[in-house]
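Asker: Just dropping this structure here.
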Amino acid sequence: MSKICCIFNIPSFYREKIYLDINREYDCEWYFEQEENGINLFDTNKLKKAHILQHRKFIGRFYMMKGLVRMVWKQKDYDKYLMVGTPMCVSLWVLCILLKLFRPSKRIYFWTHGWYGKETWVERVIKKNFLRLADELFIYGNYAKNLLVKEGFKANKMHVIHNSLSYDVQMELRKQMQSTGVYKEHFGNNNPVLIFIGRLTPVKQLDMLVQAVADLKRDGQQYNLVFIGDGPERKKLATMVSNYNLQEQVWFYGACYDEQVNAELVYNADLCVAPGNVGLTAMHTLMFGCPVVTHDDFRYQMPEFEAISPYHTGNFFKRGDQKSLNHVINEWFVVNGNQREYVQDLCYKEIDSQWNPYFQMKVINEVFNH
C-alpha cells in the first residue's frame, strides 16, 4: 500500500467525508494548518495520524506552515505527496523544490483551483512556476483545466475532481424529503420562493437579490425571499427590505446548523439565487433538488458553477446587471414553473454523478493506481 503524505490548509468540516475515505483507502499521514477564520472544522482525531501546524504570516499574502518542511522531510518513506495547491504557502515551495532535487522518484500531486482567467502578469508567473512543481494536478473544474491547457500544461496530467459536501448524510435526508407547508405557513401565500443559503457577506452581492424582489414586485411579479444564514451584510439587507416595504416577503431565517431543517427549507424552495460567486451554495441546494441562478463571468466564479446547466439545473445572468438578474429570475418560472419534479430530478442527477466523494475517490484511485 502506498504511503501518502497529505498536506492541506484547514480541516474543513465539509471535507470530512472525502478525507476519511482517503484515510481509509491509503496509509496516510496528515498535516493541517491552524487558522482562526470561523469555518467549521472536523475532528482530526478520526484520521490515522494528523498534525496541526501554526499558520504564520510571511510577506504580503504569503504565509508558512510552521515546522512543516522539517517534519515532512524527516519521513523518507512517503511514496506520494498530496497537497493543497496554493502558491501562497512558502512551506510548500520549499518542500517541493527539495523533493525535486533530492528525492525525484517521489510523486507530487496538487489539489487546486488551478486557474481563474483573471490573473495578473505577476500572478501568472507565480502560479505557473508553482504548479509545474507537481507531477500531476487534481483540478476542481473543467473550466480551469481548459485554461491551464492554454497555458501549456498537459491535459493528461490534470484530473477534474470537482467538490463535495456531506453527501451520505444529505442523501439520507433527501430520501425523507416531501413537500411541506413551511413557506405557506410563514408567508401566508403560494408565491414562488427564492432562497440563498450561506454567509451573508459583501462578495455574495445579496443586495441585488433584494433589489430584484423589489423591482419584480413593482412590475406585478410577487416572490418570497428567504435568507438562510447570517453575516455582516444582514443589517444592510434588512434596511433595504424595510425601505422597499418588503417585510412581508422576506424572511431572515438566520444561521441554521441543523441539516434536517436546512434540507426542508431548500427542498421546498423554488429557486436559489446567488448574485455573487456561487461556491458550495450550489452543492447544497442542488443536492435537495433546488436549481441555482448565478452570474456568468466565470473568471470571478467558484468551480461549482459548472454544476449549473442553463434551463435545466439553473441559469446565468450577466454579472453585475440588475435588469439581467430580474429577467432571468422571472424567465425561470415562465419556462420551468410547471416542471418542478423534472427539474428536481436533473439537480439530483448532477450531484449524484459528479459532485460527491465517491466520484472524487474514483478519480484519486485511477490516478494513484495507474
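The values are calculated or read from the model by the stated rules, or taken from the named source; none is laboratory data. These figures come from a predicted structure and were not determined experimentally. Neighbour counts are summed over all protein chains in view; Cβ atoms, including those assigned to glycine, are modelled from backbone coordinates with ideal geometry.
Asker: Might you check whether a residue that is assigned by TED's automatic domain parsing to the domain that holds Val226, acidic (Asp, Glu) and either part of a strand (DSSP E or B) or more than 23 Å from the chain's Cα centre (by Cα) (or both) occurs anywhere in segment 142-164?
Answerer: Among the residues of segment 142-164, not one is assigned by TED's automatic domain parsing to the domain that holds Val226, acidic (Asp, Glu) and either part of a strand (DSSP E or B) or more than 23 Å from the chain's Cα centre (by Cα) (or both), which makes the answer no.
Asker: Sticking with this one: Is there any pair linking a residue in segment 216-236 that is over 21 Å from Asn268 (Cβ atoms) and in the same structural domain as Trp251 (by TED's automatic domain parsing) to one that is in a loop (DSSP other than H, G, I, E, B) and among the basic types (Lys, Arg), with Cβ under 8 Å and at least six apart or on different chains, and which?
Answerer: Listed by first residue and then by second, the contacts come to Gly231/Arg199.
Asker: List every residue pair whose Cβ atoms sit under 7 Å apart, with the two residues 6 or more apart in sequence or on different chains, where the first one lies in segment 48-59 and is free of Cβ contacts under 8 Å to residues at least 12 places away in the same chain and the second, anywhere, is of a type outside the set (Asp, Glu) and not in a strand (DSSP E or B).
Answerer: Taking only residues 6 or more apart or on different chains, the pairs are Arg56/Lys66.
Asker: Does Tyr63 satisfy the condition of being aromatic (Phe, Trp, Tyr) and in contact (Cβ under 8 Å) with a residue 40 or more places away in the chain?
Answerer: no
Here's the yes/no breakdown for (1) under 21 Å from Thr112 (Cα atoms); (2) in a helix (DSSP H, G or I); (3) in contact with a strand residue (DSSP E or B) (Cβ under 6 Å, 6 or more places away or on another chain):
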| position | (1), (2), (3) |
| --- | --- |
| His312 | no, no, no |
| Lys323 | no, yes, no |
| Asn326 | no, yes, no |
| Ile329 | no, yes, no |
| Asn338 | no, no, no |
| Val343 | no, yes, no |
| Cys347 | no, yes, no |
| Val363 | yes, yes, yes |
| Glu366 | yes, yes, no |
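Asker: If you check every pair at least six apart or on different chains, which have Cβ atoms under 7 Å apart with a residue in segment 273-290 that is under 17 Å from Ala212 (Cα atoms) first and a residue that is surrounded by fewer than 24 Cβ atoms within 10 Å (Cβ to Cβ) and among the basic types (Lys, Arg) second?
Answerer: Ala274/Lys204; Pro275/Lys204; Gly276/Lys204
Asker: Turning to a different aspect of this structure: Which of the residues belonging to segment 334-345 are touching a residue at least 24 places away in the same chain (Cβ under 8 Å) and either exposed (fewer than 15 other Cβ atoms within 10 Å of the Cβ) or within 21 Å of the chain's Cα centre (by Cα) (or both)?
Answerer: Val335, Gly337, Arg340, Gln344, Asp345, listed by residue number.
Asker: Still on this structure, please answer the following. Select from segment 346-370 the residues that are touching a residue at least 12 places away in the same chain (Cβ under 8 Å) and loosely packed, with under 13 Cβ neighbours inside 10 Å and list them in ascending order.
Answerer: Our first condition is that a residue be touching a residue at least 12 places away in the same chain (Cβ under 8 Å); within segment 346-370, this holds for 346-348, 350-351, 354-361, 363-368.
Once the filter is applied, which keeps residues that are touching a residue at least 12 places away in the same chain (Cβ under 8 Å) and loosely packed, with under 13 Cβ neighbours inside 10 Å, segment 346-370 yields only Glu366.
Asker: Right, something else. Within segment 122-141, can you find the residues that are in a loop (DSSP other than H, G, I, E, B) and more than 21 Å from the chain's Cα centre (by Cα)?
Answerer: Scanning segment 122-141 gives Arg132, Leu133, Ala134, Asp135.
Asker: How about segment 58-91: which of its residues are under 14 Å from Tyr31 (Cα atoms), under 24 Å from the mean Cα position of the chain (by Cα) and among the aromatic types (Phe, Trp, Tyr)?
Answerer: Residue satisfying the conditions is Tyr81 alone.
Asker: May I pose another question? Mind listing just one residue for me: the one in segment 199-224 that is acidic (Asp, Glu) and under 13 Å from Lys323 (Cα atoms) and, of those, surrounded by the fewest Cβ atoms within 10 Å (Cβ to Cβ)?
Answerer: Asp219
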